[in-house]
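Novice: Below: one structure in structure tokens.
The values are calculated or read from the model by the stated rules, or taken from the named source; none is laboratory data. Fair warning: this is a prediction, and the values are worked out from it, not measured in the lab. Glycine also receives a Cβ, built like all others from the backbone with ideal geometry; neighbour counts cover every protein chain displayed.
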Amino acid sequence: MASGSKKVIYAALVANGIIAVVKFIAAAITGSSAMFSEGIHTTVDTGNQLMLLLGLKRATKPADREHPFGYGKEIYFWSFIVAIMVFAIGAGISIYEGIHSVLDPHPVENVLVSYGVLGFAMVFTGIAWYFAWKEFKRVKGDLGYFEAVQKEKNPTTFVVLFEDSAALLGLFVAMLGIGLSQWTGMPVFDGIASIVIGLILGGTATWLAYETKGLLIGESAKTDVINGVEQMVGAFQNITRVNEVLTLHMGPDYILLTISVNFKDELNAGEIETAIEQLSTQIKQKYSRVNRVFIEAEK
């Protein structure tokens, strides 16, 4: 989980760090509102990658007395913070800057600098996007893209992809806005482009927040895991009925499993204890993400 995710995050971090500096220099030279918004956008993305790396690191902390099930949900928390950052800072500043530019438009100077920087940013962002898309495609398997996002328990696989997709779309909008400003002689298009970039970021942030919220609150394991556990428990020789199978992701690679079953009436306490131990071992061997198993005997 972590190795593939970290490679994607590091690729995005390096690309965004370089691009942010270049965009701000270009914004200072050209006076472009859209270019400035793009600089803010890329800076926020750079900070987001650092927060995702922090989340991955903190998620590996071992369980302790205060957090008996570990710190796996740290990555969910920091992914949610990323969504808030994109919305509050990226979208907010871009829309504000765009409105200000529309109300008080100024001609974009040295447009060739803007085109060159935007082209440079497209290449680097496209490379980072390719790494993110490749990792997401590997993780999603046979699932559709939207279904994979909804069911994926490691948010870093789609958070970076969402950010890079929004970044590429924002770059095209910025280039279009600057181009229209130059072609028509109306600098207001530059401000409009900045507003559109803000709206793109706002939409991306809203979707990110929605997807990561479910993980933060607590989601069950994938259907194939639940069905597989039910079949395994149901086929166990000393169990007559499976009453309930409940799962909860405490992190991308940590599933908490509780099972309620009926054991055969003739079993004594020692035999039930042995059966529980054997069943727990079998489940953990087959499903490596199941870290803790609690089995409740009912009548």
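Novice: Run Gln237 past the list (1) assigned to a helix (DSSP H, G or I); (2) surrounded by fewer than 17 Cβ atoms within 10 Å (Cβ to Cβ); (3) among the polar types (S, T, N, Q) and report the number of the one that doesn't hold.
Specialist: Looking at each condition in turn, Gln237 falls short on (1).
Novice: With Glu211, Glu219 as the choices, which residue is among the charged types (D, E, K, R) and either without any contact (Cβ under 8 Å) to a residue 40 or more places away in the chain or part of a helix (DSSP H, G or I) (or both)?
Specialist: Glu211
Novice: Could I ask something else about it? Return the only residue of Ile99, Ile75 being touching a strand residue (DSSP E or B) at 6+ places or on another chain (Cβ under 7 Å) and farther than 16 Å from Asp45 by Cβ.
Specialist: From the options Ile99, Ile75, the qualifying one is Ile75.
Novice: While we're looking at this one, here's another question. Could you tell me which of the residues Ala15, Ala26, Ala59, Ala34 is surrounded by 21 or more Cβ atoms within 10 Å (Cβ to Cβ), in the same structural domain as Gly177 (by TED's automatic domain parsing) and within 13 Å of Val160 (Cβ to Cβ)?
Specialist: Ala15 is the lone residue from the list that is surrounded by 21 or more Cβ atoms within 10 Å (Cβ to Cβ), in the same structural domain as Gly177 (by TED's automatic domain parsing) and within 13 Å of Val160 (Cβ to Cβ).
Novice: So, one more: Determine which single condition Ile259 fails, assuming it passes every other condition in (1) under 25 Å from the mean Cα position of the chain (by Cα); (2) not assigned by TED's automatic domain parsing to the domain that holds Ala174.
Specialist: Status for Ile259: all satisfied but (1).
Novice: Filter the range 122-166 down to residues that are surrounded by fewer than 22 Cβ atoms within 10 Å (Cβ to Cβ) and aliphatic (A, V, I, L, M) and give me whichever is nearest to the chain's Cα centre (by Cα).
Specialist: Val149
Novice: Identify all residues within the range 176-225 that are farther than 30 Å from Gly116 by Cβ and β-branched (Val, Ile, Thr); write none if there are none.
Specialist: Thr206, Thr212, Ile217, Thr223, Val225
Novice: Identify all residues within the range 167-203 that are surrounded by fewer than 24 Cβ atoms within 10 Å (Cβ to Cβ) and within 15 Å of the chain's Cα centre (by Cα); write none if there are none.
Specialist: Gly203, the sole residue that qualifies.
Novice: Next question, about the same structure. Restricting to the range 99-118, name every residue that is part of a helix (DSSP H, G or I) and either among the hydrophobic types (A, V, I, L, M, F, W, C) or touching a Leu at 6+ places or on another chain (Cβ under 9 Å) (or both).
Specialist: Residues satisfying the conditions are Ile99, Val102, Leu103, Val111, Leu112, Val113, Val117, Leu118.
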